[in-house]
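All remarks here apply to the structure that follows.
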Amino acid sequence: RSEMWGCFRGTLSRRAQESAPGKDIGDPRDCRPAGLAWRGPATDLGRNCRGSAAVEFALVAPVLVLLFTGMIAYGIYFGAMHSLQQLAADAARASLAGLNDAERTDLVARFLDENASGYAFIDPRKLDVETVSNPTGTQFVVRLRYDAKDLPIWTLFKDLPLPGKQMSRTSTIRVGGI
């Protein structure tokens, strides 16, 4: 039976056309084979395909909009998270030139003041820096915390489940020699 109805194509299937050569195949917008008489709106209700694309779009569009909004929101969030990690790693690398913890901390602060505004989605005023050296003095840790509440993702769609508004990234370097 599915081969006889030309729904969504607007015409009869090739098999149905070959079985009735030379016959009128009917209105291309109608799903009924040629030769069936129109019997009124009650019997025509399940056979008419006009408007089916609009109904399908109306059902699928909200889901697609939600998916696209989620992809944009998480893309911005992951971009900010990546920038924060890269900034922590670059600040830790800049601290390698310091001879002691105080000098390394000063180098990190100077690097962040000069370069933090160049990283995507990062506002230097909302950046919190912590530098720590381990007890043996062989590692130096740069920990950055960022308040991401002003990222544009929080206004895209209120019901979208989003991650936390506080980001934190750490980078550790080895102090002195190989």
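The values are calculated or read from the model by the stated rules, or taken from the named source; none is laboratory data. In this text the structure is predicted, and so the values were computed from the model without any measurement. Using ideal geometry, Cβ is built from the backbone for each residue, glycine included, and neighbour counts are taken over all protein chains shown. Heads up: the accessible areas ignore ligands, DNA and RNA and are worked out on the full protein's heavy atoms, side chains in. Shrake-Rupley method; radii C 1.70, N 1.55, O 1.52, S 1.80 Å.
At pLDDT below 95, part of a strand (DSSP E or B) and open to solvent by 70 Å² or more (accessible area, probe 1.4 Å): is that true of THR172 in this structure? Against the criterion (at pLDDT below 95, part of a strand (DSSP E or B) and open to solvent by 70 Å² or more (accessible area, probe 1.4 Å)), THR172 qualifies. Can you find a residue in the range 102-111 that is in a loop (DSSP other than H, G, I, E, B), out of contact with any Cys (no Cβ under 7 Å at 6 or more places or on another chain) and either among the acidic types (Asp, Glu) or modelled with pLDDT of 90 or more (or both)? Scanning the range 102-111 turns up no residue that is in a loop (DSSP other than H, G, I, E, B), out of contact with any Cys (no Cβ under 7 Å at 6 or more places or on another chain) and either among the acidic types (Asp, Glu) or modelled with pLDDT of 90 or more (or both). All of (1) open to solvent by 30 Å² or more (accessible area, probe 1.4 Å); (2) more than 17 Å from the chain's Cα centre (by Cα) hold for PHE121 with one exception: (2).
Do we find that ALA97 is modelled with pLDDT under 65 and of a type in the set (A, V, I, L, M) in this structure? Spelling it out, it is not the case that ALA97 is modelled with pLDDT under 65 and of a type in the set (A, V, I, L, M).
Here LYS149 fulfils each of the conditions (1) in a helix (DSSP H, G or I); (2) closer than 21 Å to MET81 by Cβ; (3) among the basic types (Lys, Arg) apart from (1). Residue pairs whose Cβ atoms lie under 8 Å apart, separated by 6 or more positions or on different chains, with the first residue in the range 97-119 and more than 26 Å from THR138 (Cα to Cα) and the second surrounded by 11 or more Cβ atoms within 10 Å (Cβ to Cβ) and of a type in the set (A, V, I, L, M, F, W, C), are ASN115/LEU87; ALA116/LEU87; ALA116/ILE122; ALA116/LEU127; TYR119/LEU84; TYR119/LEU87. Scanning the range 68-101 for residues that are open to solvent by 40 Å² or more (accessible area, probe 1.4 Å) and not in a helix (DSSP H, G or I) gives LEU99, ASN100.
State all residues of the range 125-163 that are without any contact (Cβ under 8 Å) to a residue 12 or more places away in the chain, loosely packed, with under 13 Cβ neighbours inside 10 Å and over 17 Å from THR105 (Cβ atoms); if no residue qualifies, say none.
Going through the range 125-163, the residues without any contact (Cβ under 8 Å) to a residue 12 or more places away in the chain turn out to be 125, 132, 134-136, 154-155, 158-159, 161.
Pick out the ones that are also loosely packed, with under 13 Cβ neighbours inside 10 Å and you get 125, 134-136, 155, 158-159, 161.
Selection gives ARG125, THR136, THR155, LYS158, ASP159, PRO161.
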